[in-house]
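**Q** Okay, handing you the structure first.
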Amino acid sequence: GLLILTLGSYFSIVFWKILSFKPDGIYAGHVNVWSDWSLHISIANIFAFKSPQFWFAYHPLYAGGQFTYPFLTNLVSGMLMRMGMPLKEAFVLPSILLTLILLVGLYFLFYLLVNSKKLSILAVFIFFLSAGLGFIDYLKDLLNNPSFESFIYSLKEIGRYDMYQWYASNMVVGLMVPQRSFLMGVTLGVWAIVGVLYVVLRDNLADSIKIKILIFSGILAGILPIAHAHSFIAVALITGMIFVLNLDKWRILWPYVLVAGLLSSTLYLTFIWGGIEND
């Protein structure tokens, strides 16, 4: 409840304000969103306004190129737009929902690892509030200009170092908000890992329940190739390591491997394989 009321409320407000429609055009709330969401809007428009037979006919950026970009999050927004939902709501509402689901998933993941509610909540806050050494610049600016405005709102974007070509600032600004595929991928990936860990760590579960959980986790992991490639790689490595450390339980873990393997292979070979190549 605390995570939803605090971080959940914060991200809901951020996402709702991230797009603004004005008479002279669309305004983005951050430069990273301005660059990333233009691509995502282009992809979502394909699903929203074109006939299904042309959905994967071409890449929205590269003339003659294959459409091999992980498209799932934009398919969701495109379908919402196709049903009549305005562009802003079609983009913002799924992002808010995924964020809330991610908050709960991270809490359960950390709880399975540390078995402490307080530490799990603290871990989620650390995950989202981590921003490198940018806080040093914030403190310097605050000391030079000790005011309430400087305290609640930094005079510049901290954590971004153009001289080193590090433009991401922190995880939220660099990945979670602008990169829509990342948000969906990490959400699906976290819950896939939660399911596998839960089965491994809870020996008192009935086999039928374990199988259902592992099949569900396998589905989440299996659709990652069309959601977010990096999350797919991370989940494959993490769950693979969990299996290596629990080889004695391979007889119960096979449903996850089978479902995730078949589904991910099918989706990858169908939609992602080959990369962007000119005809």
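The values are calculated or read from the model by the stated rules, or taken from the named source; none is laboratory data. Model, not experiment: these values are computed from the prediction. Ideal geometry is used to build each Cβ from the backbone, glycine not excepted, and the neighbour counts take in all protein chains shown. For accessibility, only protein heavy atoms count, side chains too; no ligands or nucleic acids. Shrake-Rupley method; radii C 1.70, N 1.55, O 1.52, S 1.80 Å.
**Q** Is the shape of segment 48-110 best called rounded, prolate or oblate, per the rule: a/c under 1.5 gives rounded, else a/b larger than b/c gives prolate, else oblate, with a ≥ b ≥ c the square roots of the Cα gyration tensor eigenvalues?
**A** oblate
**Q** Normalised by the residues of the chain, what does the relative contact order come to in percent, with Cα pairs under 8 Å and at least six apart?
**A** Rounded, it is 21 percent for the chain.
**Q** At a 10 angstrom cut-off on C-beta neighbours, averaged per residue, how do the peptides 139-150, 172-183, 110-121 rank from highest to lowest? Could you put the intermediate results ahead of the total?
**A** Numbers: 139-150: 10.8, 172-183: 22.1, 110-121: 14.4.
Packing proxy ranking, top to bottom: 172-183, 110-121, 139-150.
**Q** Please give every one of the lysines within straight-line cross-link reach of K17, meaning a C-alpha to C-alpha distance under 20 Å, and leave out same-chain neighbours fewer than 8 residues apart.
**A** Once the sequence-local lysines are set aside, what remains near K17 is K88, K156.
**Q** Quick query: amide H of G65 versus all other amide H atoms, modeled in the peptide plane; which residues come in under 5 Å with a sequence gap of 5 or more or a different chain?
**A** So G65 has HN proximity to H59.
**Q** Right, another one. What value, in deg cm²/dmol to 500, does the helix sum -39500 (n - 2.57) over DSSP H runs of n ≥ 4 give at 222 nm once divided by the residues of the chain?
**A** Only helices count here, giving -20000 deg cm²/dmol.
**Q** I want to verify a result. In a Gaussian network model of the chain, Cα cutoff 10 Å, which of these has the top mean-square fluctuation: A44, A260, A206?
**A** Greatest mean-square fluctuation among the candidates belongs to A206.
**Q** While we're here: Just to confirm, what accessible area per residue do you get for segment 168-279 at 1.4 Å probe, in whole Å²?
**A** 50 Å²
**Q** To continue, here is another question. Please sort through the DSSP H helices of the chain and keep those with an alpha-carbon extent of at least 24 Å along the long axis and a Kyte-Doolittle average not below 1.6.
**A** Passing helices, by number: 87-114, 180-201.
**Q** Same structure, new question: Of the peptides 234-240, 53-59, how do they stack up when ordered by the mean number of other Cβ atoms within 10 Å, highest first? Could you put the intermediate results ahead of the total?
**A** Working: 234-240: 17.4, 53-59: 13.1.
Averaged packing, sorted descending, gives the order 234-240, 53-59.
**Q** Starting from the Cα of K210, draw a straight line to each of the aspartates and glutamates and keep only those under 16 Å, dropping any in the same chain fewer than 8 residues away.
**A** Cross-link targets: D248.
**Q** Name the aspartates and glutamates eligible as straight-distance cross-link partners of K118: C-alpha to C-alpha under 18 Å, and not fewer than 8 places from it in the same chain.
**A** Leaving aside aspartates and glutamates fewer than 8 places away in the same chain, none come within reach of K118.
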